[in-house]
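Let me begin by presenting the structure, written as structure tokens, before commenting on it.
Where a number appears in this text, it was derived from the coordinates with a stated rule and is not lab data. Keep in mind that what you see is a predicted model, and the values were worked out from it rather than measured. Because the Cβ atoms are built from the backbone with ideal geometry, glycine has one as well, and the counts that use them run over all protein chains shown.
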Amino acid sequence: MNDDHLFRPILLAGLVIFMPIGIYHRLKAGTGEKLERRQEGLFILITLRLVGIAGTAGLIAYLINPANMAWAAVPLPAWLRWMGVCLGLIAGWLLVWMFRTLGRNLTDTVVTRKQHTLVTGGPYRWVRHPLYSSSVLATVGTSLVAANWFFFVAGCLMFLLLVIRTRKEEENLVARFGDDYRNYMQRTGRFVPRL
């Protein structure tokens, strides 16, 4: 049985709820400051955005009509798709928590702002990159809800590129905050909490 008639509106509702929250926080964090995005490397800069565009285009095609993405459909039982809904809700909650905690420090690149502060509270108490961690949960959740391997592959490629990018991001943070950031790295995991 095809459950897209049930899961497509759920996926759409998640996007309608969480996308405006992300846009709001990105706009609120804007300072008008020019950020040098090329610091992350031209390969990452271009590839990350191309993969993001491809994944977003696929998601829009699915939301318009799941038949548009039928070539990548995977038969999944409804209970597994409901697990995807749960993961998506957790990812959304983590994203909102991260946005609220990060405040004006939010950027879309590896560069720190002139008025950047070291954030170690909220989800940053446990992981250094909760945005990327929540992106993984959102990727798995979306892939399960849509029962589509393309979203999973696109999300995994994006995460891999983000993992590579974190090296430069953390170099910049060490250069900016020195031992404070080094100590923070020692006590927190990069994407998952340390035991």
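Can you compute the modelled spin-label distance between Gln186 and Cys86, with each label point 7 Å from Cα toward Cβ, in nm? Inter-label distance under the simple model: 3.8 nm. Taking each DSSP H run with n ≥ 4 as -39500 (n - 2.57) and averaging over every residue of the chain yields -23000 deg cm²/dmol at 222 nm.
Counting other beta carbons within 10 Å of each Cβ, put His25, His129 in order, fewest first.
On the way: His25 19, His129 22.
Fewest to most other Cβ atoms nearby, the residues stand as His25, His129.
I'm spelling it out carefully: the read-out is Cα Rg over 2.2 N^0.38 Å, the candidates are (i) 1.00; (ii) 1.16; (iii) 1.08, and one was derived from this structure. Which label? The value computed from this structure is option (iii).
Sorted from fewest to most neighbouring beta carbons within 10 Å, what does the list Met83, Met19, Met98 look like?
Details: Met83 16, Met19 10, Met98 23.
With the fewest neighbours first, Met83, Met19, Met98 line up as Met19, Met83, Met98.
Computed from backbone phi with θ = phi - 60° and the Karplus coefficients 6.51, -1.76 and 1.60, the 3J(HN,Hα) list for segment 111-123 is 7, 8, 7, 4, 9, 4, 10, 7, 9, 10, x, x, x Hz; x is used for glycine and proline.
Based on other C-beta atoms within 10 Å, arrange Glu33, Glu40, Glu170 from fewest to most.
Details: Glu33 10, Glu40 23, Glu170 17.
By the 10 Å Cβ count, ascending: Glu33, Glu170, Glu40.
Dividing the alpha-carbon radius of gyration of segment 10-114 by 2.2 N^0.38 Å (N being the number of residues), what value is obtained?
1.30
Among all stretches of the chain without exposed trypsin sites (Lys or Arg not before Pro) (DSSP loop, at most 14 other Cβ atoms within 10 Å), which one is longest? After excluding every exposed loop site, the longest remaining stretch is 35-113.
Note down the relative contact order for segment 4-187 as a percent, whole number, built from C-alpha pairs under 8 angstrom at least six residues apart. Present the calculation step by step, with values, prior to reporting the outcome.
Values: 199 pairs, mean separation 59.4, N = 184.
Across segment 4-187, relative contact order equals 32 percent.
Screening the chain for whole DSSP H helices with an alpha carbon extent of at least 30 angstrom along the helix axis and a mean Kyte-Doolittle hydropathy of at least 1.6 yields 42-64.
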